[in-house]
1. Please work out the Cα center distance from the stretch 72-92 to the stretch 6-51, rounded to the nearest Å.
2. How about the stretch 1-105: which GluC sites (Glu not before Pro) there lie in a loop by DSSP and see at most 14 other Cβ atoms within 10 Å?
3. Given 3/28; 17/52; 17/66, which pairs have Cα atoms separated by over 21 Å?
4. Determine how large the accessible area of residue 149 is when every protein chain is in place; take a 1.4 Å probe and give Å² rounded to the nearest 10.
5. Convert each backbone phi in the stretch 6-11 into a coupling constant with the Karplus relation 6.51 cos²θ - 1.76 cosθ + 1.60 (shift: θ = phi - 60°), then list the ³J(HN,Hα) values in order as whole Hz, x for Gly and Pro.
6. Kindly report, to the nearest 10 Å², the accessible surface of residue 48 as traced by a 1.4 Å probe over protein heavy atoms only.
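The values are calculated or read from the model by the stated rules, or taken from the named source; none is laboratory data. All figures in this text were calculated on a predicted structure; none of them were measured in a lab. For neighbour counting, all protein chains shown are included, and Cβ atoms are generated from backbone atoms with ideal geometry for every residue, glycine included. Heavy atoms of the whole protein, side chains included, go into the accessibility calculation; ligands, DNA and RNA do not. Shrake-Rupley method; radii C 1.70, N 1.55, O 1.52, S 1.80 Å.
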Amino acid sequence: MDKTAAGIRTFVTDTLKKNKALTEREVKAAIGKAFKLNPKTISAGVIRDVRKRLGIDRPGAIAYAKALLKKNPVLEAKKVIESVGGRFGIRLGPPDVSRLRPAGSKRQRAVRTVRAAGKPAASVKRGRPGRPPKASRSGGAISVTYQGSGRPEDLAAFFRGLAGQ
C-alpha cells in the first residue's frame, strides 16, 4: 500500500464509497490496519475532505433534512432519520430533527384512548388521565370532562348531541 497522502486519500474514498455510515474513528482504524499505522497519528482532515467531496458530510445532510421538513413539516422524525441515513450515512437523532423543523409548524400528536374502571372511554391529548389538559394558546379550544354510567350507546348519543350531530 502507498503510504503517501494520495494513497491514504484513495483508500479513504474507496472505504467510504463502500460504507457511508462509517465514523471517523472507524475509518481511522481501517487506515491503521491497512497501512500499519497508529490511528491516533492519522489526521481527520483527510477523512472530512473525502466525505465533503463525496457529498456525505453532516452540513449537507442537515440541509437536506431541513429541505425535506420544509416541504412536509409534519413528516415523522423516524422517516427523516432513515432518509438521511440512507442517503448520507449520517446518524441524526429525534432531537436533531425537532430542531430542524420550520418555525411555527405544528406536529400532529396522536390522540390515545384511556379506559378507567367503570368510566367511559375518554380521549386524552397530552396530559394525565383525570386532569384537564392545559389551555391551548389558540384560545378556540374548549375541553369538557364527563363521568357517567350507563350503556355506551346512550353515552355516545349524549356526546353526539353536544356536538350538534
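1. Between the Cα centres of the stretch 72-92 and the stretch 6-51 lies a distance of 25 Å.
2. On the way: sites: 24, 26, 76, 82; in loops: 76.
Here the sparse-neighbourhood loop sites are 76.
3. In this structure, 17/66 exceed 21 Å between Cα atoms.
4. Accessible area of residue 149: about 100 Å².
5. 5, x, 5, 4, 5, 4
6. That residue has around 140 Å² of solvent-accessible surface.
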